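This report concerns only the one structure given below.
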Amino acid sequence: MKTAVSHQLRWAQYLHCGIDTAWQFFSSPHNLARITPPEMRFSVISDLPESGIYEGMIIDYRVSPLFSIPMKWQTEITQVEPYKSFTDYQKKGPYRLWKHVHEFLPWDGGVLMKDTVEYELPFGVLGEVAHRWIVKKKIHHIFDYRCGVLDNLFNNKKQET
């Protein structure tokens, strides 16, 4: 029996801010909707504390990833090293596997934020066809959108006159 094909996305972005600022922003699930394309209608539906993430935290979302079809997605925070990294892992959702590692490295007066996403699609060959034609492009669009929002939030400093 053939196993599912695993895919990986690596992304890195420089943020012109301190590690404290970057960590506070990314460790709050309440900020996810701000960095997700609006057409995905992303919302956190869990009642979450304002204090940030912790290992074992379960987060429920509603999202419309394809064709405006709403679905629920649930992730668990499986690893947290404050101000350095955290990992979210899909418990329920559209993927056979979704593991997203977020890393934060002090870098040249700012922060280098690195993402590594490992994912597998369900439905065997049909899932791989969907990946080639739709899913891969959609994931790249999400990260491109996120990059633009983060540039506006952290990298566009107004010049003082």
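Laboratory data are not the source of any read-out in this text; all were calculated from the coordinates shown. This one's a predicted model, so the numbers in the text were calculated from it and none came from an experiment. Because the Cβ atoms are built from the backbone with ideal geometry, glycine has one as well, and the counts that use them run over all protein chains shown.
Lysine pairs in the chain 8 or more apart or on different chains: how many have alpha carbons under 12 angstrom apart?
Working: 72/91; 72/92; 84/114; 91/99.
So the count of such lysine pairs works out to 4.
In the calculated pair distance distribution of region 47-118, what percentage of Cα-Cα distances lie above 21 Å? Working shown, then result.
Details: 908 of 2556 pairs.
Counting every Cα pair in region 47-118, those more than 21 Å apart make up 36 percent.
If Lys and Arg each add +1 and Asp and Glu each add -1, what is the summed charge of the other residues whose beta carbon sits under 15 Å from the beta carbon of residue 58? Don't skip to the end; give the middle numbers.
Numbers: positive: 62, 72, 91, 92; negative: 47, 55, 60, 76, 88.
In short, -1.
Taking 0.36 nm per intervening residue step and subtracting the Cα-Cα distance, what contour gain separates residue 112 from residue 130 on full extension?
Values: separation 18, 0.36 × 18 = 6.48 nm, distance 3.18 nm.
This chain segment gains 3.3 nm when fully extended.
Give the span of region 23-88's Cα atoms along each principal axis, as three whole-Å numbers ordered largest to smallest.
36, 19, 18
Putting +1 on Lys and Arg Cβ atoms and -1 on Asp and Glu Cβ atoms, find which of 45, 31, 121 reaches farthest to the positive end of the dipole of region 21-161.
121
Using the beta-carbon distance between residue 54 and residue 156 and R0 = 35 Å, what value does 1/(1 + (r/R0)^6) give for FRET efficiency, to the nearest 0.05?
On the way: r = 32 Å, r/R0 = 0.91.
After rounding to 0.05, the efficiency reads 0.65.
Could you list 16, 102 so that the one with the fewest beta carbons within 10 Å of its beta carbon is first and the one with the most is last?
Ranking 16, 102 by Cβ neighbours within 10 Å, fewest first, gives 16, 102.
Would you work out the relative contact order for the chain, in percent, from Cα pairs under 8 angstrom that are 6 or more residues apart? Please list the in-between numbers first.
Working: 283 pairs, mean separation 43.5, N = 161.
With pairs under 8 Å counted, the relative contact order is 27 percent.
Compute, for region 24-161, the length of the dipole vector about the Cα centre, with Cβ point charges of +1 (Lys, Arg) and -1 (Asp, Glu) only. Units Debye, rounded to 20.
Values: 17 positive and 17 negative charges, 106 e Å.
Charge dipole of region 24-161: 500 debye, to the nearest 20.
May I ask you to compute the full-extension gain from residue 79 to residue 91, defined as 0.36 nm times their residue separation minus their alpha-carbon distance, rounded to one decimal in nm? Kindly include the intermediate steps, with their values, before the conclusion.
On the way: separation 12, 0.36 × 12 = 4.32 nm, distance 1.43 nm.
Length gained, residue 79 through residue 91: 2.9 nm.
Could you give me D for region 9-155, from Stokes-Einstein at 37 °C and 0.692 mPa s, where the hydrodynamic radius is the Kirkwood radius over C-alpha pairs? Units µm² s⁻¹, please.
Working: Rh = 16.0 Å.
D = 206 µm²/s.
Over all Cα pairs of region 75-161, how is the pair count split among 5 Å bins, expressed in % and running from 0 up to the last occupied bin?
P(r) over region 75-161, rounded to whole percents: 3, 11, 16, 20, 18, 14, 9, 5, 3, 1, 1, 0.
Give me the number: length gained by fully extending residue 143 to residue 6, i.e. 0.36 nm times residue separation minus the C-alpha to C-alpha distance, one decimal in nm.
Result: 47.5 nm gained on full extension.
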